[in-house]
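Undergrad: Here it is, the structure in full.
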Amino acid sequence: MSKDIEIQHIAAELLSLRAELQKNYAFDEIIGKSKKMQQLFTQIQTAAEGIISVLIQGESGTGKELVAKSIHHNSARKSGPFIAVNCAAIPETLIESELFGHERGAFTGATERRIGKI
């Protein structure tokens, strides 16, 4: 019987987490009424409807990851992985390899094939 109770507890927790995701990353969680914010909301909706990769740029603390999570969560690919990449933390000499990957021997030190994040 304890396994049944544990499974019920896990199922309830899963439902709770899904509800939290719905609340946290819904478009209405991003606030703003200015013309520029309305344009951003339109861009977010357009990106969510497409099958595209998105590069989000902006100053620190402006909500880039919140926008990214909103796009992902409201897209047809929401069941797939969400990968946030802080490009500023990756050295300029490695950014291409980190994002797009590389083949073995492509450059000095490339000892094996590496799949990129994109």
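The values are calculated or read from the model by the stated rules, or taken from the named source; none is laboratory data. If you're wondering where the values come from, they're calculated on a predicted model, not measured in any experiment. Because the Cβ atoms are built from the backbone with ideal geometry, glycine has one as well, and the counts that use them run over all protein chains shown. All accessible areas refer to the heavy atoms of the entire protein, side chains included, with ligands and DNA or RNA removed. Shrake-Rupley method; radii C 1.70, N 1.55, O 1.52, S 1.80 Å.
Undergrad: Looking at the range 63-95 only, could you name the residues that are among the acidic types (Asp, Glu) and either surrounded by 14 or more Cβ atoms within 10 Å (Cβ to Cβ) or within 25 Å of ILE44 (Cβ to Cβ) (or both)?
TA: GLU65
Undergrad: Testing GLN22 on (1) at pLDDT 85 or above; (2) open to solvent by 90 Å² or more (accessible area, probe 1.4 Å), one condition comes back false. Which one is that?
TA: Unmet condition: (1).
Undergrad: Moving to a separate point now. From the set of residues in the range 96-118 that are of a type in the set (Gly, Ala, Ser) and closer than 16 Å to SER53 by Cβ, which is surrounded by the fewest Cβ atoms within 10 Å (Cβ to Cβ)?
TA: My answer is GLY116.
Undergrad: Then there is this: Can you name every residue in the range 39-51 that is under 23 Å from GLY116 (Cα atoms) and surrounded by 11 or more Cβ atoms within 10 Å (Cβ to Cβ)? Working first, answer last.
TA: Within the range 39-51, the subset under 23 Å from GLY116 (Cα atoms) is 47-48, 50-51.
Within the range 39-51, ALA47, ALA48, GLY50 qualify.
Undergrad: Give the residues of the range 75-108 that are assigned to a loop (DSSP other than H, G, I, E, B), modelled with pLDDT of 85 or more and small (Gly, Ala, Ser), sorted by residue number.
TA: SER75, ALA76, SER79, GLY80, GLY105, ALA106
Undergrad: Among the listed residues LEU66, LEU55, which satisfies the condition of being closer than 30 Å to GLN39 by Cβ and not in a loop (DSSP other than H, G, I, E, B)? Reasoning before the result, please.
TA: Details: LEU55 fails: not in a loop (DSSP other than H, G, I, E, B).
Sole residue among the options that is closer than 30 Å to GLN39 by Cβ and not in a loop (DSSP other than H, G, I, E, B): LEU66.
Undergrad: Mind checking which residues of the range 48-73 are closer than 21 Å to ARG18 by Cα, of a type outside the set (Ser, Thr, Tyr) and within 11 Å of the chain's Cα centre (by Cα)?
TA: Across the range 48-73, the qualifying residues are GLU65, LEU66, VAL67, ALA68, LYS69, ILE71, HIS72, HIS73.
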